[in-house]
Amino acid sequence: MPNLAELNALPREEYTRVVAPVFEHSPWVAARSCASRPFASREQLHAKLCETVQNAKRDEQLALIRAHPDLVGQAALTSESQSEQASAGLGNLSPEEVALFERYNEEYKERFGFPFVICARLNKKEAILSAFPERLQNSREKEIETALGEIYKIAELRLRDLVEG
């Protein structure tokens, strides 16, 4: 685990490789933040990464949201996503709970055109299941902003795992 000084000193390609997993299958976020080094704190790095996403084109933001797997889905998960879903208790579901997640995932994707994103490490399965019907009531624009907000929470926790304070 590099410390911040080591991360700041890495060549661009290596910095991008190290920071890329913070945003699911979206190394462009890390690459675009590289020029803002050196970062004085992990919080400043996180803020710059989030600002990079906020300033991205809408289609790039949507691609970032779509890069996230369905909760309890069949897709191969990154090690980060697998660990995060397990921490929320999503690896140990009854057949009824799996069916409910599958139904909600489909309804959500049909309504919004991207997968449901929530910071699993900050929630348990009951909270996640109750969030689906609430968020299905949102407008598409509100849900894009909500999903990005959840992605920022995920990124903060992943940065804590990746870079020494």
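Coordinate-derived values only; no laboratory data. Just so you know, these numbers come straight off a predicted model, no measurement behind them. Glycine also receives a Cβ, built like all others from the backbone with ideal geometry; neighbour counts cover every protein chain displayed.
If a paramagnetic tag sat 7 Å from the Cα of S41 along the Cα-Cβ line, which residues of the range 131-165 would have the backbone N under 19 Å from that point? Answer for the range 131-165: 152-165.
One entry in (i) 50, 32, 23; (ii) 83, 38, 27; (iii) 61, 27, 23 is Cα extents along the principal axes in Å calculated from the shown coordinates; its label is (i). Separation of the alpha carbons by more than 20 angstrom is noted, of K109/K142; K125/K153; K48/K142, for K48/K142. Cβ crowding within 10 Å ranks S87, S81 as S87, S81, fewest other Cβ atoms first. Remark: the range 142-158, residue by residue, has Karplus-estimated 3J(HN,Hα) of 4, 6, 4, 5, 5, 4, 4, x, 5, 4, 5, 5, 4, 4, 4, 5, 5 Hz, where x stands for each Gly or Pro and the curve is 6.51 cos²θ - 1.76 cosθ + 1.60 at θ = phi - 60°.
Listing S83, S139 from fewest to most neighbouring C-beta atoms within 10 Å gives S139, S83. For the range 111-165, the alpha carbon positions stretch 39, 24, 13 Å along the principal axes, listed from largest to smallest. Normalised by 2.2 N^0.38 Å, where N is the number of residues, the C-alpha radius of gyration of the range 89-136 stands at 1.09. Listed by chain and number, the aspartates and glutamates whose alpha-carbon sits under 19 Å from that of K124, ignoring those within fewer than 8 places in the same chain, are D70, E80, E84, E96, E97, E102, E134, E150, E156.
Using Cβ counts within 10 Å as a stand-in for footprinting exposure, how do H68, H25, H46 rank, fewest first?
On the way: H68 25, H25 14, H46 21.
The fewest-first ordering by Cβ neighbours comes to H25, H46, H68.
As a calculated quantity, the FRET efficiency between E14 and A76 at R0 = 22 Å, using C-beta atoms, amounts to about 0.30.
Gain in length, E97 to D59, computed as 0.36 nm per residue apart minus the alpha-carbon separation, to one decimal in nm?
That pair, E97 and D59, stretches by 10.4 nm at full extension.
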